[in-house]
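The values are calculated or read from the model by the stated rules, or taken from the named source; none is laboratory data. Here the structure is a predicted model, which is why all the values come from computation and not from measurement. Note that each Cβ is placed from the backbone with ideal geometry, even for glycine, and that neighbours are counted across all protein chains shown.
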Amino acid sequence: MSKPVVATTSLAGCFGCHMSLLDIDERILELIELVEFNKSPIDDIKTFTKQCDIGLIEGGCCNSENVHVLKDFRKNCKILVSVGECAIMGGLPALRNGIPIEECIREAYLDGPTVSLNEEQILPNDDELPMLLDKVYPCHEIVKIDYYLPGCPPRADLIWNALIALVTGDEMKLPYEVVKFD
Amino acid sequence: MKDKVQNIIGEYQNDKNRLMDILIDIQAEFKCIPAEAIETIAGQLIMSKADVRQTLSFYHFFTTEPTGKYTVYLNDSVVAEMMGRNEIAKAFENEIGVKFGSVTDDGLVGLFNTADIGMNDQEPAALINGVPFTNLTISKVKELVAGFKAGREVKDMVGKCGDGMNADERIMSMVNSNCQRKHGSILCLEYEVGSALKRAVNITREAVIETMRSSNLRGRGGAGFPAGLKWEFCRKSGGDINYLVCNADEGEPGTFKDRVLLTEMPEQMFEGMVIAGYAIDADEGVLYLRAEYYYLKAYLEDVLQKMRNDNLLGDKILDVEGFNFDIRIQMGAGAYVCGEESALIESMEGKRGEPRNRPPFPVQSGYHNEPTVVNNVETLSTVVKIILHSADWFKAIGTRESAGTKVLSISGDCKNPGVYEVEYGISVNEMLEMVGATSVQAVQVAGPSGACIGPDKFNQTIAFEDLATGGAMIVIGKDRDLLKEVVLNYISFFIDESCGSCAPCRSLTLILKNKFLKLLNGYGTMKDIDELYSWGKYMKQANRCGLGQTAANPILTTIENFRPLYEALVKTDDEFVSEFNMDKAVEASCKYVDRIPNVH
């Protein structure tokens, strides 16, 4: 039987959840025996080359590209997992949700204390660039999400246990140490 | 300003436990609690400014910005909306030229929404500078606004007074008591003020408690805890001082019976308090009166003074050596959760009205950490009649588990809304006939925290063992959109009133609302209905107080009893539907950076 195929991506996240995945340490050798990676920053495959079994999503959606990638994942993965606070709730990027988008753009490109070189007052509007959404959306508001792994980031053991459970079909181990946050 | 604030604080002996009263007086004086006042309070009471702020930010009627010389708080509860409050709100906005939630530039008028003000049988209603105006019409609004502009006194704009004691010169309010059963079998029986107390002091304190225990009197606030047992627990707690508190913070939307008991028969309730005070050996009683009933305060104070003059209150009551008991009135400032007894005690101590962890229960450690009995207005009023007529007489009325009568506040789509004293055991059908309600879709029993039931359950009876209620009964007619007009309003109500202490109550209420809106907007799935239900069920076990535990009830009980209404909102067989709309989501940012959206 061929190995289950896993894809991962980071949308509006900080790559912290991917770092946490790498925190499984030497078990990564076990992991590559268990699964095959497809589209993912881990192996740097940029586009889906086959149907996948499991998609791990880090980050919510703050721009149009995030939405396209997420929908692409939904299309190509049997099971989609929101990994971490940003994917589940929007997380830190969603702090902007109470602020009008115009104000956010102004702060980032014109008025912010760290803006010094934009003398021509250019606002990014090239057609190639993703378009900013009015607010940051959690993944489950865009596509159906099957599972949620909480944490900022979720502990390596939590991600590991979830992957093992999905791959083996066994019940997931959820000891207190793995889901406590302080 | 500093002098005025200092004087106010001085009136309360620089006691930080009286912070509520201090803030209420400052709010009344300045129409807000300005930063300068906060600083003065903090300095004089030797507490941090943050502590002052955390109390004041908790209550609806405390503001840090001025609310206008004329402050209008228009009720936005379900029944108010049924009776046309939205047209009244529009009329106010048109006449005054500002939207609700704001004050005119000249500071003359402020328009604000508020949760139920206890006038459901005479909606639409508003409080203007604390004075209730009921049965509002568009022409009345025009008259009021003309009055504001002419600088008239709010009291002078009341016009014709309401029925019963509302016309008394100490109240002079247009509120109607609408006592629909003037000859009820317990509370409404005529009696001589003081006669029950005379009887009580002639028997021992233990004997009074025993009478209550054998009468099976249960708390009328909703939970139904046996009153005699509560008194006994308090008496046996062995504290230094015991306190007796009467809970007149009826904030459950749809309840107004305490308002009527307070207006029409306050002596009976106060006498019940004194008897309870005697039984539990308390020196001090407190009537915690909801802010919305401020207009009754002067009248109630006068009744208390009269009782003091008649030796029914104060030192050596009825010349009984060592029986000293007095009552003070503690005003609330607009917080539904303060109806919960431990939150109410926190509020009485000048703090945020956040429920305490239990145990210890208030009877063990309540007001100032001393044993405290908190009873409802109706419970304490009933005490008087039990003492006068005997426990057996009382027990013979009502049902086996629910002795006596219940005062119901009935409102909504019926001919005769108002207050009814009925025997426990009356069926919902009988009740509907009594109030002249035909073509009924649903009855909201016990307010939003209770249950919404349909005609298949109208043969159920009002009693603790069947349909328990604190008294609110809202009749919802066949033409109403139950989910949009009733359930949605209740969900929002709980979001506003949650104290925020327990995470599920703070967050899940909002998550449930979003899911509910998703259904209303036509994006829902069958799974959403199931999730609303299963997530809502979680509230019961995951929150500290009754508010959080029941906050999902509007959704839960309507899914149980009116599931087809939910299913009719589902337009698809799909398992997942997204409300996300890319065109809309990128519109604003593209416009701002001068770019043509390309969403494909």
Using beta carbons and a limit of 8 Å, which pairs, at least six apart or on different chains, have the first residue in region B:248-270 and outside the structural domain of B:S381 (by TED's automatic domain parsing) and the second one not in a helix (DSSP H, G or I)?
-> none
Filter pass, B:E301 being of a type outside the set (S, T, N, Q), within 24 Å of the chain's Cα centre (by Cα), crowded, with 24+ Cβ neighbours inside 10 Å and part of a helix (DSSP H, G or I) = no
Matching residues in region A:166-177 - criterion: being surrounded by 12 or more Cβ atoms within 10 Å (Cβ to Cβ) and farther than 15 Å from A:L21 by Cβ = A:M172, A:K173, A:L174
Among what's in region A:105-128 and is in contact with a Leu (Cβ under 8 Å, 6 or more places away or on another chain) and in a loop (DSSP other than H, G, I, E, B), pick the residue that is farthest from the other protein chains (Cβ to nearest Cβ).
-> A:N118
Under the condition of being touching a residue at least 24 places away in the same chain (Cβ under 8 Å) and aromatic (F, W, Y), which residue from region B:12-71 is surrounded by the fewest Cβ atoms within 10 Å (Cβ to Cβ)?
-> B:F30
Quick one: is B:S139 of a type in the set (S, T, N, Q), over 24 Å from the mean Cα position of the chain (by Cα) and in the same structural domain as B:E93 (by TED's automatic domain parsing)?
-> yes
Quick one: in region B:171-219, of everything that is at pLDDT below 95 and among the basic types (K, R), which residue is farthest from B:L304 (Cα to Cα)?
-> B:R181
Any idea which of (1) away from chain A (no Cβ under 14 Å); (2) under 23 Å from the mean Cα position of the chain (by Cα); (3) part of a helix (DSSP H, G or I); (4) of a type outside the set (A, V, I, L, M, F, W, C) is the one B:S507 doesn't satisfy?
-> (1)
Pick from region B:396-421 the residues that are over 27 Å from B:I117 (Cα atoms) and touching a helix residue (DSSP H, G or I) at 6+ places or on another chain (Cβ under 9 Å): which of them is surrounded by the most Cβ atoms within 10 Å (Cβ to Cβ)?
-> B:G404
When only residues in region B:208-259 that are of a type in the set (S, T, N, Q) and in contact with a Pro (Cβ under 9 Å, 6 or more places away or on another chain) count, which is farthest from B:A125 (Cα to Cα)?
-> B:S237
Only residues that are over 15 Å from A:P93 (Cβ atoms) and facing chain B (nearest Cβ under 8 Å): list them for region A:129-146, please.
-> A:M131, A:V143, A:K144
Which one is nearest to A:D126 (Cα to Cα), of the residues in region B:580-590 that are facing chain A (nearest Cβ under 7 Å) and not in a loop (DSSP other than H, G, I, E, B)?
-> B:C590
From A:E177, A:E102, grab the single residue that is away from chain B (no Cβ under 14 Å), over 22 Å from the mean Cα position of the chain (by Cα) and not in a loop (DSSP other than H, G, I, E, B).
-> A:E177
Of the residues B:V599, B:V593, B:V577, which single one is modelled with pLDDT of 95 or more, within 12 Å of chain A (Cβ to nearest Cβ) and surrounded by fewer than 20 Cβ atoms within 10 Å (Cβ to Cβ)?
-> B:V593
Within region A:147-168, the residues that are part of a loop (DSSP other than H, G, I, E, B) and within 14 Å of another protein chain (Cβ to nearest Cβ) are A:P150
When the residues of region A:76-99 are filtered to those that are assigned to a loop (DSSP other than H, G, I, E, B) and surrounded by 13 or more Cβ atoms within 10 Å (Cβ to Cβ), which remaining residue is nearest to the other protein chains (Cβ to nearest Cβ)?
-> A:G90
Kindly provide the set of residues from region B:450-474 that are crowded, with 24+ Cβ neighbours inside 10 Å, closer than 18 Å to B:K257 by Cα and under 20 Å from the mean Cα position of the chain (by Cα), ordered by number.
-> B:G450, B:T469, B:G470, B:G471, B:A472, B:M473, B:I474
Unique residue being in contact with a strand residue (DSSP E or B) (Cβ under 7 Å, 6 or more places away or on another chain) and surrounded by fewer than 14 Cβ atoms within 10 Å (Cβ to Cβ) when the list is B:K155, B:K149 | B:K155
Look at A:T9 and say whether it is closer than 30 Å to B:C590 by Cβ, surrounded by fewer than 17 Cβ atoms within 10 Å (Cβ to Cβ) and among the β-branched types (V, I, T).
-> no
Evaluation of B:A568 against (1) surrounded by fewer than 19 Cβ atoms within 10 Å (Cβ to Cβ); (2) within 14 Å of chain A (Cβ to nearest Cβ) (one fails), failing number | (2)
Condition broken by A:N125, with the remaining ones in (1) surrounded by 21 or more Cβ atoms within 10 Å (Cβ to Cβ); (2) touching a Cys at 6+ places or on another chain (Cβ under 9 Å); (3) free of Cβ contacts under 8 Å to residues at least 24 places away in the same chain satisfied | (1)
Requiring at least 3 residues that are within 15 Å of B:L289 (Cβ to Cβ) and modelled with pLDDT of 95 or more, the helices (runs of 4 or more DSSP H) wholly within region B:321-400 are B:341-348, B:377-389
